[in-house]
1. Which one is surrounded by the fewest Cβ atoms within 10 Å (Cβ to Cβ), of the residues in the range 7-29 that are of a type in the set (A, V, I, L, M, F, W, C) and in a strand (DSSP E or B)?
2. Suppose we keep only residues that are more than 18 Å from residue 8 (Cβ to Cβ) and among the hydrophobic types (A, V, I, L, M, F, W, C) within the range 35-46. Which one would you say is surrounded by the most Cβ atoms within 10 Å (Cβ to Cβ)?
3. Go through 49, 32, 60 for me and flag whichever is surrounded by 10 or more Cβ atoms within 10 Å (Cβ to Cβ) and at pLDDT below 95.
4. Of everything in the range 42-65, what is farther than 18 Å from residue 26 by Cα and assigned to a strand (DSSP E or B)? Give them in sequence order.
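The values are calculated or read from the model by the stated rules, or taken from the named source; none is laboratory data. Computed from a prediction, not measured in an experiment: that's the story for all the values here. As a convention, Cβ positions derive from the backbone with ideal geometry for all residues, glycine included, and neighbour counts pool all protein chains shown.
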Amino acid sequence: MRVIVNQVEYEMPNQSVIADALSLIDAKPPFAVAVNLNFVPKTQYQQFALNENDQIEVIAPVTGG
């Protein structure tokens, strides 16, 4: 299936979850995740099923001021 992670298109196996997408891009904490503009709690990364054409944003905190 096709998903978009941080505006880059990826092919992933059907029945993939958020944790699979994070592994695909080698995400390093800390970060937050939104799927189709909806925040997903970290506790759900292992079971939140992805669907064809989902848009995933992995957002790192910004420091400074």
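1. Here is the first cut: in the range 7-29, the ones of a type in the set (A, V, I, L, M, F, W, C) are 8, 12, 17-19, 21-22, 24-25, 27.
Right, trim to in a strand (DSSP E or B) and you get 8, 17.
Numbers: 8: 10, 17: 15.
So, considering only residues that are of a type in the set (A, V, I, L, M, F, W, C) and in a strand (DSSP E or B), the one surrounded by the fewest Cβ atoms within 10 Å (Cβ to Cβ) is 8.
2. So in the range 35-46, the residues more than 18 Å from residue 8 (Cβ to Cβ) come out as 38-46.
So of that shortlist, the ones also among the hydrophobic types (A, V, I, L, M, F, W, C) come out as 39-40.
On the way: 39: 10, 40: 15.
Within the range 35-46, the match that is surrounded by the most Cβ atoms within 10 Å (Cβ to Cβ) is 40.
3. Details: 49 fails: at pLDDT below 95; 32 fails: at pLDDT below 95.
Sole residue among the options that is surrounded by 10 or more Cβ atoms within 10 Å (Cβ to Cβ) and at pLDDT below 95: 60.
4. 49
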